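The values are calculated or read from the model by the stated rules, or taken from the named source; none is laboratory data. These numbers were taken from a predicted model, which means no experiment stands behind them. Here Cβ is always computed from backbone atoms with ideal geometry, including for glycine, and neighbour counts include all displayed protein chains. SASA here: full protein model, heavy atoms, side chains in, ligands and nucleic acids out. Shrake-Rupley method; radii C 1.70, N 1.55, O 1.52, S 1.80 Å.
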Amino acid sequence: MTSNAPGTLDLDKLFAARLHAARVRPYLATALFALHTVASRRVPTMAVDRYWRCYVSPVFVDRTPVEELAGVWVHEVSHLLRDHHGRSDRVARERGLTGPAERLRMNIAADCEINDDVFGEGLVRPEGAVAPESLGLPEGELMEDYLRQFRLGSRTQDLAWLDCGSGADGLEREWELGPDGAHRLNEQERDAVRFRVAQGITGRPGSASKGWQRWAEEAFHPPQPWRELLGAAVRSAASGPGAGEDYTYGRPSRRSVGMPGVVLPSLRRRPPRVSVVIDTSGSVSDTELGSALLEVAAISRAVGGRRDLVTVLPCDAAARVVHPLCRAEGIPLVGGGGTDLRTGFAKALRAQPRPDVVVVLTDGQTPWPAARPSCRTVVGLFPRHGAGSWDEDDPDYVPDAPPAWARVVTIGSAPATR
């Protein structure tokens, strides 16, 4: 192997380690060779950004054996394949996690997801690699699960140096090249790499660990985005039998031919009317209310773009003024008290003309109507994680699930539908 000047990146050694990683984990070869290396003295070991650049410390390469470097290659590319940056961003939004300390926790949790089964069988565990058992955690869980089970403290104080880059936790670093830098993979190229890797794993069952097999199955059958599910649920409800149907004499029924002297009306389908009830109680955050207004605009598109047929009704413990949908951003979402969306249902159903579909956007902390409404109902649920977030004054309180007659879509996370 050729010698290098002090402080320069030993590419021969680094690429030999990547080749070793590809030989012992052939199903990851496409991803390993898709990474573009960038020498960086600001990285403690190796790190990746979300654009598939791999930042490498020359000093770390010099002092680390090839077999361990191969393990680091696999570890870093695993962050990108498993979309840890995107998942960290989603978790941060849903749980209100901010700041570098929380991102460090996400990096540690992501490392636990990877390291519990990635090494062995020709791949050496790198020195200092975080494992679930070192934190007293079970193996085989996902980053989101680990994140709920530990806090920064005595067990993690030796991990303050850990930095796998924005590709692991979503938080961009000053030393990264960013979205406009050279040698980035675009979104389509990144998806193509993931697909090729998943194809290699499923094509050779038994050659990959259980964690990788689970990932490959989900890559081929990803959960549908919740916004698409919400739109599909509204369209389905609006196109069902009876929704948007009315009789007209402007076009007589063909059955009139068999009944001389009698003019029968024909059944005509008109654009459906949608009433959107938005939960404005104190338990719904400003961010979620902003998201609700975006969903109102998406709902209008789902029924053909007829904004004149969509109305919006803010509601906490009492129903407010019904607003026609002209410009969603201008609708005042007044509220902040308790929650009883039954009043919202009642006011929506009393409207003239009556709606064909009622869409409710809520966190679910509400009583529901005892009887099924006369029109179809779609519930968009803002997710809540853990019983502790329900009611600080009553730790035993758990809200009722939406009724069976409602189509339910979880908003802003992995969707739960029925």
**OP:** Can you bin region 61-215 into rounded, prolate or oblate? Criterion: square roots of the alpha carbon gyration tensor eigenvalues sorted a ≥ b ≥ c, rounded for a/c under 1.5, prolate for a/b above b/c, oblate for the rest.
**Re:** rounded
Subject >> Ordering of 41-50, 357-366 by packing [mean C-beta count within 10 Å, highest first] >> reply: 357-366, 41-50
Subject >> For region 1-71, accessible area per residue (1.4 Å probe, heavy atoms of protein chains only), Å² >> reply: 43 Å²
Original post:
Sorted by mean Cβ packing within 10 Å, highest first, what order do the peptides 182-193, 59-70 take?
Top reply: 59-70, 182-193
Original post:
What shape does region 1-71 have by the C-alpha gyration tensor, where a ≥ b ≥ c are the square roots of the eigenvalues, rounded means a/c under 1.5, and otherwise prolate means a/b greater than b/c and oblate the rest?
Top reply: oblate
**OP:** Could you order peptides 346-352, 34-40 by the average number of other Cβ atoms within 10 Å of their residues, highest first?
**Re:** 34-40, 346-352
Original post:
For region 177-196 and region 55-70, what is the separation of their C-alpha centers, rounded to whole Å?
Top reply: 24 Å
